[in-house]
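The values are calculated or read from the model by the stated rules, or taken from the named source; none is laboratory data. Every value quoted in this text rests on a predicted model; they were computed, and no experiment measured them. Cβ sites come from the backbone with ideal geometry, for glycine too, and all protein chains shown count toward neighbours.
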Amino acid sequence: MADSAPTDPGVLPVRARGVTKTFTTGAVATPALRGVDLDVRAGEMLMLVGPSGCGKTTLISVVAGILDHDGGEVVVFGQDLGRMDAAARTRFRRDHLGFVFQAFNLIPALTAAENVSIPAILGGMPRRQAEQKARELLAQVGLGDRHGSRPTQLSGGQQQRVAIARALIHEPRLIVCDEPTSALDHRTGEQALELLRAVVVRPGRALVVVTHDARIFHHADRIATMDDGRIVGERLPSALLPSGAHP
């Protein structure tokens with residue numbers, strides 16, 4: 001099966017139907033996703049909210065092809081991830097997806113600019129060009145003077161901004177973010193969301209954000225609430241969450 005994404009902007013960035021995922025440790029099986037149905041539309045920022053442990057991070061990891069799903073269907077830009085082997089899924093993710101991890105996942109031995117440049121280099125961009133683009137992105141997230149710093153020389157908030165720049169460098173069509181503002185103050189968090197938001201104004205692109213940060217809800221086009229491994233509701237950002245839900 002081809003691993004290139006179609007250019008038709010009418011194709012849904014994400015279409016998930018009946019998605020299940022269970023983690024097994026020894027004899028203990030823990031269901032994380034219990035039949036998730038979700039569409040992510042072109043040009044939108046969708047936020048996933050819900051209590052800790054409800055399956056949000058698992059869901060975006062499945063959508064990004066980082067985790068396999070046990071059942072159901074996950075189609076990203078018209079490509080069924082369940083029909084790809086591991087190598088094809090890796091290529092697809094490299095070419096079309098960006099991921100902002102809550103744990104940052106920066107390489108300690110590399111500078112900020114080198115960390116940011118990795119996806120572009122893997123995609124075939126010359127190293128010098130990739131590192132120049134990385135420095136430009138770092139400047140956009142307020143780290144123009146720290147491009148030569150290694151992760152251990154940066155604060156948690158600064159490392160988070162490096163991770164955001166890394167997710168943007170290869171201009172992915174879909175970006176998934178796990179708590180991208182968790183280590184940022186309000187002003188810096190707003191700047192980061194504005195930068196991420198700029199990605200989805202281009203045709204056929206989309207952004208999915210897992211967050212507990214109610215201060216950034218106004219950036220969303222839709223807010224989907226998860227609980228116990230399922231999508232239990234969708235709201236506009238101006239609407240209150242259902243009673244008992246936790247942003």
Given (1) at pLDDT 95 or above; (2) buried (at least 21 other Cβ atoms within 10 Å of the Cβ); (3) under 17 Å from Val75 (Cα atoms); (4) not hydroxyl-bearing (Ser, Thr, Tyr), index of the condition Asp37 fails: (2)
Qualifying residues in the stretch 123-145 (those that are closer than 16 Å to Pro172 by Cα and among the aliphatic types (A, V, I, L, M)) - the one surrounded by the fewest Cβ atoms within 10 Å (Cβ to Cβ): Met125
Which residues, taken from the stretch 81-122, are part of a strand (DSSP E or B) and either surrounded by fewer than 22 Cβ atoms within 10 Å (Cβ to Cβ) or charged (D, E, K, R) (or both)? none
Out of Val36, Val11, sole residue that is under 25 Å from Leu236 (Cβ atoms) and in a loop (DSSP other than H, G, I, E, B): Val11
Being of a type outside the set (A, V, I, L, M, F, W, C) and in a strand (DSSP E or B) is the filter here; which residues of the stretch 162-188 pass it? Asp178
In a helix (DSSP H, G or I) and either crowded, with 22+ Cβ neighbours inside 10 Å or touching a Cys at 6+ places or on another chain (Cβ under 7 Å) (or both), is that true of Ala198? no
Condition test on Phe104, is it within 15 Å of Glu171 (Cα to Cα) and at pLDDT below 95? no
Determine which single condition Leu207 fails, assuming it passes every other condition in (1) surrounded by fewer than 21 Cβ atoms within 10 Å (Cβ to Cβ); (2) within 30 Å of Gly35 (Cα to Cα); (3) modelled with pLDDT of 90 or more. (1)
Going by the structure shown, is Thr57 without any contact (Cβ under 8 Å) to a residue 40 or more places away in the chain and either part of a helix (DSSP H, G or I) or charged (D, E, K, R) (or both)? no
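Quick check: anything in the stretch 44-52 under 22 Å from His212 (Cα atoms), polar (S, T, N, Q), surrounded by fewer than 20 Cβ atoms within 10 Å (Cβ to Cβ) and modelled with pLDDT under 95?
Going residue by residue through the stretch 44-52, those that are under 22 Å from His212 (Cα atoms) are 44-52.
Next cut, polar (S, T, N, Q) only: 52.
From the residues that got through so far, the ones that are surrounded by fewer than 20 Cβ atoms within 10 Å (Cβ to Cβ) too are 52.
Then drop every residue that is not modelled with pLDDT under 95, which leaves 52.
So far as the stretch 44-52 goes, yes, one or more of its residues are under 22 Å from His212 (Cα atoms), polar (S, T, N, Q), surrounded by fewer than 20 Cβ atoms within 10 Å (Cβ to Cβ) and modelled with pLDDT under 95.
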Any residue at all in the stretch 52-62 that is among the hydrophobic types (A, V, I, L, M, F, W, C), out of contact with any Lys or Arg (no Cβ under 6 Å at 6 or more places or on another chain) and over 26 Å from Ala165 (Cα atoms)? yes
In the set Gln191, Gln159, Gln129, which member is more than 28 Å from Arg41 (Cβ to Cβ), of a type outside the set (A, V, I, L, M), part of a helix (DSSP H, G or I) and out of contact with any Leu (no Cβ under 7 Å at 6 or more places or on another chain)? Gln129
What is the residue count in the stretch 62-80 for residues that are surrounded by fewer than 21 Cβ atoms within 10 Å (Cβ to Cβ), of a type outside the set (Val, Ile, Thr) and without any contact (Cβ under 8 Å) to a residue 60 or more places away in the chain? 6
Report yes if some residue within the stretch 167-185 is over 22 Å from Val63 (Cα atoms), out of contact with any Ser or Thr (no Cβ under 9 Å at 6 or more places or on another chain), surrounded by fewer than 19 Cβ atoms within 10 Å (Cβ to Cβ) and at pLDDT below 90; otherwise report no. yes
